[in-house]
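A short write-up of the structure that comes next.
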Amino acid sequence: MTRPDHPRHELAPLLASPVRLSIVAALAATDRAEFAFIRDLVEISDSALSRQATTLEEGGFLEIVKGYVGRRPRTWLALTEHGRAVYARHVAALRAIADTS
């Protein structure tokens with residue numbers, strides 16, 4: 001029987017999607033970001049970002065905050081502490097897998 005020592009066991013299934021991984025990676029660099037900024041950075045449509053952000057929110061990875069700047073509605077995305085921790089473990093696992101010789 002094999003022991004679960006391989007770094008792949010630390011990978012987060014929710015981050016297996018390249019789009020979700022890109023969203024979380026972008027948010028890891030900041031406290032929060034506007035929806036439109038992440039949409040343009042990740043190069044996806046509004047609807048695709050909305051779907052992926054909702055999936056990440058349901059998984060406890062991010063928080064979606066709606067508000068206004070002046071009279072214009074805005075949506076901000078922010079990683080939760082859980083999301084940051086899982087992302088850090090995920091990236092560490094990817095590095096460990098890549099470094100395996």
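Sort out which residues of segment 16-64 are part of a helix (DSSP H, G or I), surrounded by fewer than 15 Cβ atoms within 10 Å (Cβ to Cβ) and of a type in the set (D, E, K, R), and write them in order of number.
Asp40, Asp46, Arg51, Glu58
Looking only at segment 65-83, which residues are surrounded by 15 or more Cβ atoms within 10 Å (Cβ to Cβ) and of a type outside the set (A, V, I, L, M, F, W, C)?
Once the filter is applied, which keeps residues that are surrounded by 15 or more Cβ atoms within 10 Å (Cβ to Cβ) and of a type outside the set (A, V, I, L, M, F, W, C), segment 65-83 yields Thr75, Thr80, Gly83.
Regarding segment 41-56, can at least one residue be identified that is acidic (Asp, Glu), more than 15 Å from the chain's Cα centre (by Cα) and modelled with pLDDT of 95 or more?
Yes - at least one qualifying residue is present in segment 41-56.
The values are calculated or read from the model by the stated rules, or taken from the named source; none is laboratory data. Only a predicted model underlies this, so the values are computations on that prediction, with no experimental measurement involved. Here the Cβ is made from the backbone with ideal geometry for all residues, glycine too, and neighbour counts use every protein chain on show.
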